[in-house]
1. I want to confirm something. Restricting to the range A:315-328 and keeping residues that are closer than 21 Å to A:Ala278 by Cβ and out of contact with any Gly (no Cβ under 6 Å at 6 or more places or on another chain), which single residue is surrounded by the fewest Cβ atoms within 10 Å (Cβ to Cβ)?
2. When residues of the range A:373-408 are filtered for being within 11 Å of chain B (Cβ to nearest Cβ) and either in contact with an Asp or Glu (Cβ under 9 Å, 6 or more places away or on another chain) or among the polar types (S, T, N, Q) (or both), how many remain?
3. Can you pull out every residue in the range B:27-50 that is within 17 Å of A:Ile439 (Cα to Cα) and surrounded by fewer than 17 Cβ atoms within 10 Å (Cβ to Cβ)?
4. Being in the same structural domain as B:Asp20 (by TED's automatic domain parsing) and either in contact with a Pro (Cβ under 9 Å, 6 or more places away or on another chain) or among the hydroxyl-bearing types (Ser, Thr, Tyr) (or both) is true for just one of B:Ser77, B:Ser142, B:Ser131. Which residue is that?
5. Restricted to the range B:66-103, and to residues that are modelled with pLDDT under 95 and aliphatic (A, V, I, L, M), which residue is nearest to A:Gly173 (Cα to Cα)?
6. Just to check your reading of the model, which residue among A:Ala234, A:Ala212 is more than 9 Å from every other protein chain (Cβ to nearest Cβ), buried (at least 23 other Cβ atoms within 10 Å of the Cβ), more than 21 Å from the chain's Cα centre (by Cα) and modelled with pLDDT under 90?
7. Mind listing just one residue for me: the one in the range A:125-134 that is out of contact with any Gly (no Cβ under 9 Å at 6 or more places or on another chain) and not aromatic (Phe, Trp, Tyr) and, of those, nearest to A:Gly460 (Cα to Cα)?
Amino acid sequence: MKDGILLELFVRSLGLWWVILPGMLLGTIVGILPGFSAQNTLIILLPLTLYMDINSGMAFMIALYCTTQLGGGIPAILFNMPGEGGAVATTLDGYPMTKKGQAQQALVLCFSASAFGGLITTALTMATLPFLAKIGLYFRSVEMVVVIVFGLTLIAAIAAQDMLKGIIAGFFGLMIGTIGVDPVFGTPRATFGLLELYDGVPLIPALIGLFAISEAFAMLESETIVRSEHMTQAKSARWSDTLEGLWMTGRYWWQTVWTSIIGLIIGILPGAGSTVAAFLAYHYSKLLSKTPELYGTGHPPGVIAPESANNGVTSGTLVPVFALGIPGGTTGAIMTIVLTYHGIVLGPRLFIDNAQFVYGVYMQMLVCYIFMALMILPLARYMSRVVWIPTRFLVPLILSLVTIAAFSEREYVFDMGLALGFGVIGYIARKTGYEVTAILIGVLMGPLFEQYFLRALRVGQGDPMILFSSNLGNVLWVMVVAALVLPYIRSRSQQGVLAQTQRAGHE
Amino acid sequence: MSNPDSAPPEPQVRVPIGADFIIPLLACGLAVYYFISTTELVWEARATGTVIGLVLIALCIALFVKFGLRIASGQASLGIGDLFRNDEFNRQRFGLMAMMTLYIVTIYWVGATVGLFFLLVGCMWVLGVRSIRTLVGVALISAVLVHLALITLLDSKLPRGLLFGQSGPAATEEPAKAGKKR
């Protein structure tokens, strides 16, 4: 595509600011509130987007979708309460930063990693769109099983402090994930006779309970979220802290680049989504880091990795929609509805017949990310002040709003009770040293694993060796084994070096 | 002056680990219930859950053995620790849980918005806020904002309650309840 045309598309996309900005505002609010996903909001607003012309409608939907991923990280950092599944991994280092009085820096890291991660992957997608369109074809059920298993190995990484308890927590989550009808025959399993559990344990009440409610129960023991010894530092936050956050992002720029590419690839794969991408990115980031022991204590790359990855997903989501006409998830499906309603014929011919439209949509995404970088960054300073509110006000507000939010996904009052139940389980788990993140990884990835695993077994006519039948799958298996063994080898070698140093000291 | 070397050794503190059994016991209970409730299903339908359940039970047994050894050696006890201790924070937690349960149980009659107002007032009261102006002000503003955003703007199916002409669970459009009637 010629530079002149790209420039024209860019200018045309800038002209859509009047739909991009409201979309961003709505996306940020939707992202902050757990239970209000981009998908649900896009469905509610479908009449509006169908009414708009195709360019404005797509710009609005893209702005809302991209900003939702960013918005989910805000409560994850400030209250340990992820607004979206893709922000769960952000809690691991974002919330510890808040407790240390670095909420502003953590928010800046989240915003800049999201914006730059999104910018990088959008530009990359535009440059390599025809090639990327083929990636989805190489990932079949066997390869997807390995991708999900790789995500599950994060349980072991999180459980490093008490491996047995951590793995039990992960398997408990996986067990909860098996509740509901099976993906092949549709027969109910372990539903306690409740129709509400036939679709499985809903993710939003589980997420709200395990994170938000249990954290609120734990939070009330202190006057504010920020530890008293760090309160002075938190209250003295200045614009220089925003710059410090930006400097941290710049320092880990390579981290932003490669973790956002993980997000892009996962986004192309059907059914995986931002949650898997964020966990994989966090896992890889910790695995390849020179200081893995700092992860979980408020380490900046622990915020950058999941945030760049979940925004990287946004560029990937549209690739199968345009290239194959097959949406990889609900968001892609809604966009497909709008596109086909306006007479856009999706599939390989789209790149020949209407390439300018495809690149135009990605240009709108690029503009949205530029707006995001410019407009949302300054907000970090003011947003971070929420954590000064005394917990005697914050806890009731969190509990009441998340109870309402638990209703929003399926509109069952049952889900409010379920969230409370998960809240109690989450609180007991926290107090007794079982990682709630490991439980949630199990709940999130268990059904995905089962779905692809059973599909692979059916393809292989019941032979489990099908899982080792593809070259790409086998390469991924080697990476899974490496992910499990590498930390152990590294820890052993560090212990060896330490022992040698001590011996040398004695001598 | 007494010789420090001849002082009697301090008794070893036994760490209470009784509460650590709760999560694994819940997990084992779920796994056993899964096995029982799926015995008549075809193998493909129960394979994944069975494998996960068996591994989970094996892991829990390993943990119980580990705990047992610690208790036998005098390092730990079966005490619950501070999880259910009768202190101010736990009383507040139980108060909050009671408020939330009451809200969820009565939401069809009281309605989401009015219930939210009382939930907020109740929760803040439990946590020690006593200023009537603050209690009513914070709760009222929050409830009105939620009503405007979710019910008025987004047309959420949150129960409206008697005040807005809804008579109870039967009058709502909850899909699961409707499914049960079918």
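1. That would be A:Pro327.
2. Residues that pass the stated criteria total 9.
3. Hit for the range B:27-50 is B:Gly29, nothing else.
4. Of the residues listed, the single one that is in the same structural domain as B:Asp20 (by TED's automatic domain parsing) and either in contact with a Pro (Cβ under 9 Å, 6 or more places away or on another chain) or among the hydroxyl-bearing types (Ser, Thr, Tyr) (or both) is B:Ser77.
5. Looking at the filtered set, the residue picked out is B:Leu83.
6. A:Ala234
7. Result: A:Lys134.
Yes/no per residue for (1) under 24 Å from A:Leu152 (Cα atoms); (2) modelled with pLDDT of 90 or more; (3) at the interface with chain A (Cβ under 7 Å from one of its Cβ atoms); (4) assigned to a helix (DSSP H, G or I):
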residue: B:Ile22; (1), (2), (3), (4): yes, yes, yes, yes
residue: B:Cys28; (1), (2), (3), (4): yes, yes, no, yes
residue: B:Val32; (1), (2), (3), (4): yes, yes, no, yes
residue: B:Phe35; (1), (2), (3), (4): yes, yes, no, yes
residue: B:Ala45; (1), (2), (3), (4): yes, no, yes, yes
residue: B:Leu56; (1), (2), (3), (4): yes, yes, yes, yes
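The values are calculated or read from the model by the stated rules, or taken from the named source; none is laboratory data. These figures come from a predicted structure and were not determined experimentally. Glycine gets a Cβ as well: all are built from the backbone with ideal geometry, and neighbour counts include every protein chain shown.
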